[in-house]
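S.K.: Quick one: the structure is below, and I'll ask about it shortly.
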C-alpha cells in the first residue's frame, strides 16, 4: 500500500474525528477546514482536479467563513451555557462503543466485497467538465441557479428588518 | 489486496458514521451542522470515487460541483435559522428545543 | 411546454423583488396567474396523455439531451395536484398577514419550481437537486414568522431531511459506481441486482425517501414541522411538498429504475402498515388540531405506499388516486385548521367548540374533508380507500387488507372526535364573538370541498382517466 | 327500455327530492308535505307499473367488474314495494307528529334519501353497488338519530354508527372475499360453497346482514335509539326498512350466494333463537312504551332468522311472511305509540293508563296489531308464527321449537301487560283532558291494522302472489306446496297453550302486584331472574361492577351477551388511553431521539435487504 494514500486518508479522517469531538467549536471548525483540505487533495489524487479546486475554494474558504462568523456571533452570549457544556462534555463519548461495533459489523458483513477490490478503469471520456455540465447536465445548472436564488431570497427574508409580521 | 478505491469507500463509511454519531450526541446546534458537513465530505468523496471506478471521472466532477453548491446554500440557510434560534432563545442547546412534543 | 413548467414559476419568482419595489399587491396576482397557467397547462397535458394513441407518450423537451425532462401520465397527475394545492395556498395566504409578502410568494414559487422539476425529472441526480430545492425552500417557509416554534420545527425538519438527502446521494453514488450513468434508462439498463452496492443503494434510497415522506420510524420531524409552520405553509407542506418530495419520488424511482421485487414490496408493506396503524392511534391521542392532522397524514402515506407496493395495476391506480385525494382533503382540513386558528387564535381542540354555528362554511367544508379522509361514501376518499383494500386483498396481502379496514375505523374515530370537539356541541366560552373568516380564507376550502365531492361522484370518470394515464407503467 | 328508465328513476327521484329538500328552505305552509306526499305516492305507482316485468340494467361504470347493475325481479320487487309503502305511511304520520319540530325539513329530506339508498341496495345486482347504497344508509341513520334530543341523541347516534359501521366493515370484507372467490361481483352469478375461506366470507357477510336486521349482539343501539331518536325514525328504520334490507340480504346469502352446511344452518338458527329469547325477556320488564316495542323489534327478527335458518321451504316462506307481517304490525304499534306520545306527552307506562275511552280508535288499532304480534288467530302474525313453529318442529331440533314457543309466550304476556297498562285501568288525573289523535296520524295506523287482518284471513293472496314467486330464486324443493289452513292441527293447540299460559300468567301478575303495569313483576322479581334483569338494566350505571357481583354463570352470560359491544368499548377505552399516553410520551420533542429512531429504521432496512432478500 502506498504511503501517500495513507497520508491522504489520514488527512481526511483525523480532522473529521477532531471536528466531531473537539471541545471548542472554533477548533472544530478549523478541523473541518483541514478535512476539506484532505478531501480536496484526495480528489486531486483520484484525477478530479476541477472538483478538487472547487472543494478547496468553497469547502475550505466559504463554508469556514460562514461557520466562524456564526460561531463568533453566537458564542458571546452563552457564557453560563459554556460552563454547563463543559460539565457534560464527556457524555458525548457514551455511545462510542455502539458506533465502533456498528462499523465493525458493517465491515465484517461486507468483507468479501472489500477483499475482491475494485478494478481501476482507464479514463475514456471526451470533453471537459464544463462541456459535460453544459451539454448533458443542463438541468443541474438550472437547479444550481434556482437553489442559489432560494439561498439569496432565504437569507434576505430571514434577516429582514422590522417586525416579523410587518 | 487493498487498493485506492477500497480505501476510499472505507473512508466514506467512516466519515458517515462519524457524522451521524456527531449529529446524534451533539447538544450544540452548530456542532450538528458540523456533523452534517462531515457527512457531506463523505458523499462528495463517494461520488468522485464512483466516477473514477467506472472511468467517468469528468462526469462525476460535474455532479460533485453541483453537490458542493447545494451544500453551501444549505449551510447558509441552516446557519441563518440557527442565528434566529439564538436570537429567540438565547441558547443553542438542542435539548431545549422541545416545545413541540407529544 | 415541458420547460414552461420550470421556467414560468422561476421567472415569476425572479420578478418578485421588482414587484416589491413597484407594486406590492401585484405579487400575489402574479403568483396566482402563474399557478393558473400551470393548472391549465397540466389539464392540457392530461388531455393529451389520454388522447395519445400509442400509450407511450414520453414528451421530450425541445432541447433534447440538455434538459432531460419528460411528462407521462403519472407526472401529469402530480403536476395538476401541485398547481391545485398551490392555488389554494396562495389565495389563503392573501387573507392572512404575512411579513414581506413578495418574498413569501417568491419562495412558494421556487418550491413549486422544484416540485415541477421533480415531477418531470428523468434522472436520479436531477431528482436529488430538485428535492434539495423543495426542501430548502420549505425550511425557510416554515420559519417564515421567525417565532420560537417555527425555528424549532424548521430545525428538526432541516436536520432530518439533510440526513435523508445525504443518504439519497450516497445511494445515487452507489448506483453510479455500478452502472456509470444517472439517467433512469441508463441506470435501469446497467443494473445487476446481485451486486452488493446495488442493494445498499436501494436500501439507502428507500431510507432517504421514507424519511422524506415521514413513514413511521422516520416520522419524528413531520408533526413538528406541520405544527410549527405558518397556517398557509402547512397547507402546502401537507398537501404536496412531503408527498411529492417523498412519496412520488420513491414511486418514480421504483417504477423507472428498480422495478418491483418481492423483498422491496415486503419491506414497504411492513413500513407502510406500521405507519398506517400506529399513526392512526397517535392521531387519536392528539389534542392539537394541526398535530392530529399531521399524524393522520403519516397514516394516509402508509395507505398510499402499501397500495403502491402491491405492484399491481389496481394498486398503482389506487395509490395515485389516493395521492390526489389526500392532497385535496388534507389541504382542505389544514385550510380549515388555519381558518379556525385565524378566527379564534386557538389551536388546541379543547379550546375550541361549537364553531359550526359561528363559522358555517368552515364547519361544512371540514365535515366534507373529514368524511372524505375517513373514507365514507360517496366522497372521493372512499373510492380510493376501497381500491387500495381490494388491491391489497387481490395481490395476496390479506392481513394488510384487514389492517387497512381496521385502520379506517380508527381514522373515522379520531376525525369524528376532532370534529365534535372543534365544530359541534355548545359554543365555548370566550368564542361567542367569533365570526366566519373572510372569503379569501374559506374560498379555497370550498373549492377543495367541491373537488372532494365531485371526485367521489364522478369516480368512474376519474378511474378511467387514471387507467389511461398510467397505462405505460402497467403491464 | 322504458322499464329500465323507470327502475333508475326509482332511485334517482327520491335522492334528488331528498337533496333538494335539504337545499330548499321555504316558508310556504305544507309545501314540503304536499311535495313529499305526491312523490312518495308516485314511487309506489312506479313500482306497480313494472310489477310483472323482469328488468335488468347494466351500465358500465368503474371497470374491474364494478358496473351499475340493477335487477328488478320477484324478490326485490316485493321488498321495494314494501319500502315505498312504509315510507309513505310514516311520512303521512310524521306530518302531524313533527309539526312543531324546527328541524322537520331535514327529517323529510333524510327520509327520502334513505328511501333512495334502501331502494338502491335492494335493486342492486352488483355487490359493490349494493355496498355503496348499504353504507350510505349508515350516514342517514346517524343523522336521523342525531336529530333527536340534543346530547344524548348524538351519543346514541355515534353508538349506532360505530356498531353498524363495524358490521358494515365485516360485510365489506366478506364481499371482497366472496367477489375474489367467485371471480365476479354480479350477484346473479355468485354461487359458492362454505368450505374454507368461503366460510369466512359467509360468516362476515352474514354478520353485516344480521346486524342491519338488528339481531343479537348488534342490537344494543336500538333500545337506546327508542328513547332518544324521533319516533317516526323508529317506525321507519328499525321496525321496517332495516329489517326488510337485512332479511333480504340474509335470505340471498343463505339461500342463493352460498349453500350453507348443516353446521352453518345451526349457527344461524342459534342466533335466531338467542335473539328471540333474550330480547323478549328484556322486553317483558320494560316500563316505557317505545323501549318495550324496540326490544320486540329485535326479538321478532329472531323468528325470521330462525325460519330462514331451517333451510326448508316452510321455514323460509314463514320467515319471509313474518318479515312482511312484522313490518306491518310493528310499524303500526310504533305509530300508536307515537299517537299516544303526541297526545299525552309521555311514553312512560307509569304515567299512562285508561286511554281506552279517550283514544278509542288508537286503542282499536293497538289491539289488532298486538293480537297479531302475539299470534292470535286469525291475524297475520299467527299464520307466519305457526309456519315457523312447524318448520322448527320438522327440522328435528326440539330446542329451537321450545325457544320459539317460549318466546311467543313472553311476547303475548308483554303485550297483555302493555295494553293493560296503557289503555285499561284507571286514568291518571293529568290525562283526563286527552283527545283522540289527529286523523292523519290514525290513517296510517288504520291502514296497517287493516292489513293485519287482511293478510291473516286471506293469507293465500300474499302466499301465491308475493312470497312464492319471490322465493323462486332459492331453488328450494317444495316452495309451491307450502300452504296453510286454519284448522285443528296440533300446532293450533300449541298456540292455545301459549296464549292461555300468557293470559294466566298475566292474571297472576295482576293479582300479585295489583296493576296492569306490574303484571310482569313476578317474573322480574323471581329468584335468579331478578339479578339477571338488574344487571341487564343497570348498564347505564356501571357495567363492570354489576358484572362482578353477578350471581351465577347464566346471569353473567345474559349480561355479557346483551351488552357485549358496550363492554368491549368501555373496557377497551382505558387501555387505549394508556396506550395513547405512552405513545405521546415517547415523542419527547428531542431531535436526537427522532434521528436515532430513523437510524434504527435504516439498520432495519439494510438488514432486511442484506440478509433476508432473495
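All of the numbers you see were taken from the coordinates with simple rules; none came from a lab. The structure presented is a predicted model; accordingly, all values stated were derived computationally and were not measured. Positions of Cβ are generated from backbone atoms using ideal geometry, with glycine treated the same way; all protein chains shown enter the neighbour counts.
S.K.: Given axes a ≥ b ≥ c from the Cα gyration tensor, I'd like to know whether the stretch C:398-475 is rounded (a/c under 1.5), prolate (a/b larger than b/c) or oblate.
M.R.: Taking the square roots of the gyration eigenvalues as a ≥ b ≥ c, the stretch C:398-475 is oblate.
S.K.: Provide D:358, C:100 in ascending order of the number of other Cβ atoms located within 10 Å of each residue's Cβ, fewest first.
M.R.: D:358, C:100
S.K.: Here is a further query. Could you list C:132, C:350 in order of exposure, starting from the residue whose Cβ has the fewest other Cβ atoms within 10 Å?
M.R.: Fewest-to-most ranking of C:132, C:350: C:350, C:132.
S.K.: From the helices alone, meaning DSSP H stretches of at least four residues, give me the mean residue ellipticity at 222 nm for the protein assembly as shown, per-run term -39500 (n - 2.57), in deg cm²/dmol to the nearest 500.
M.R.: The per-residue figure over the protein assembly as shown is -24000 deg cm²/dmol.
S.K.: Quick one: which of D:270-281, B:75-86, D:580-591, C:135-146 comes out on top by average Cβ neighbours within 10 Å, and what's the full order, highest first?
M.R.: By packing density, highest mean first, the sequence is C:135-146, D:270-281, B:75-86, D:580-591.
S.K.: Please arrange D:387, D:284 by counting, for each residue, the other beta carbons lying within 10 Å of its beta carbon, fewest first.
M.R.: In order of increasing Cβ crowding within 10 Å: D:284, D:387.
S.K.: Further question: When the Cα centres of the stretch C:108-186 and the stretch B:1-78 are compared, how far apart do they sit, in Å?
M.R.: 16
S.K.: Taking the Cα-to-Cβ direction at residue B:98 and at residue C:440 and moving 7 Å from each Cα, how far apart do the two end points lie in nm?
M.R.: Label-label distance for residue B:98 and residue C:440, simple model: 4.0 nm.
S.K.: Turning to a different aspect of this structure: Quick one: grab the alpha carbon gyration tensor of chain D, order the square roots of its eigenvalues as a ≥ b ≥ c, and give me rounded if a/c is under 1.5, else prolate or oblate depending on whether a/b is larger than b/c.
M.R.: Note, shape of chain D comes out rounded.
S.K.: Of the beta bridges DSSP finds with both residues in chain D, what % are antiparallel, to the nearest 5?
M.R.: Taking every DSSP beta bridge with both residues in chain D, the antiparallel ones total about 90 percent.
S.K.: Taking the alpha-carbon centroid of each part, what is the distance from the stretch D:313-379 to the stretch C:386-410 in angstrom?
M.R.: Centre-to-centre (Cα) distance: 45 Å.
S.K.: Residue by residue through A:62-72, how many Cβ atoms from other chains fall within 10 Å of the Cβ on average?
M.R.: Per-residue shielding by partner chains comes out at 4.
S.K.: Another question, then. How well do other chains shield peptide D:137-148, expressed as the mean number of their Cβ atoms within 10 Å of each residue Cβ?
M.R.: 1
S.K.: Out of B:67, B:53, B:43, any idea which swings most in a Gaussian network model of chain B, alpha carbons joined below 10 Å?
M.R.: B:53
S.K.: When the label point is put 7 Å from the Cα of residue D:584 along its Cα-to-beta-carbon vector, which residues of the stretch C:315-358 have a backbone N closer than 16 Å?
M.R.: Residues passing the 16 Å test: C:347-352.
S.K.: Using only the Cα atoms of the stretch C:346-475, build the gyration tensor, take square roots of its eigenvalues as a ≥ b ≥ c, and label the shape rounded, prolate or oblate: rounded if a/c is under 1.5, else prolate if a/b is larger than b/c, else oblate.
M.R.: Oblate shape, in that a/c is at least 1.5 and b/c is the bigger or equal ratio.
S.K.: Let me ask something else. Residue A:94 versus residue C:454, label points 7 Å from Cα toward the beta carbon: distance in nm?
M.R.: Calculated label separation equals 5.7 nm.
S.K.: Need one value for C:132-141: mean number of C-beta atoms belonging to other chains within 10 Å of its residues' C-beta atoms.
M.R.: Per residue, the number of nearby Cβ atoms from other chains is 6 on average.
S.K.: Just to be sure I understand the model, the point goes 7 Å from the Cα along the line to the Cβ. What's the resulting residue D:51 to residue A:73 distance in nm?
M.R.: A separation of 8.8 nm, rounded to one decimal place.
S.K.: Suppose R0 equals 60 Å; then what is the FRET efficiency for residue C:23 and residue D:443 from their Cβ-Cβ distance, rounded to the nearest 0.05?
M.R.: After rounding to 0.05, the efficiency reads 0.25.
S.K.: Something else now. Identify the residues of the stretch B:64-102 with backbone N under 17 Å of a label point that sits 7 angstrom from the Cα of residue A:131 along the Cα-to-Cβ direction, or state none.
M.R.: none
S.K.: Okay, moving on. Would you mind telling me which residue in B:19, B:42, B:55 has the biggest mean-square fluctuation in a Gaussian network model of chain B, where springs connect alpha carbons within a distance under 10 angstrom?
M.R.: Greatest mean-square fluctuation among the candidates belongs to B:55.
S.K.: For the protein assembly as shown, what is the percent of antiparallel DSSP beta bridges, rounded to the nearest 5?
M.R.: 95
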